[in-house]
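Just so it is clear, none of the values below were taken in a lab; they were calculated from the coordinates. What you are looking at is a predicted structure, and each value in this text was computed from that prediction instead of being measured.
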Amino acid sequence: MKVLILKCSALALGMFFISQVQAQPQRPNKEELFAKLDTNSDGFIDASEFKTAADQKQAKMNKKLDSKKSFDKIDENKNGTIEYGEYEKMMLARQENMKPKSPEEVFGTMDTDQDGKLNLEEFKTPKKNGKRK
């Protein structure tokens, strides 16, 4: 009995670790990363290229924090999603003029899984030409 439990536990643990590894986004290899940072393609990463990359990374991190703060502020009932009523209330408070689209249309565009509410990922996904990426 103990052997069977240990085998099942080891199998479950192995499957968990495999799922976690598969869930991680692929990281660029060293050559790709170096080429991205070496913007003038001289084979070196100078101080200005390094500073530019660091500034871009910091800006990206700040944007994520700002998105989360905004999301939490709109999510009045703190259930981890923004329902249309919460979204509409925020838009009215900001007095957003959303012509040519109505708040309902914008919310519907943001709600990519069409479950009637916005999760954090849907909320922070950038729009391009009024459409979600």
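What percent does the relative contact order of region 50-128 come to when contacts are Cα pairs within less than 8 Å and at least six residues apart?
For region 50-128, the relative contact order is 31 percent.
Under a 5 Å amide H to amide H cut-off, with H placed in plane at 1.01 Å, what residues pair with GLU83 once short-range neighbours are removed?
Amide H neighbours of GLU83, under 5 Å, 5+ apart: LEU118.
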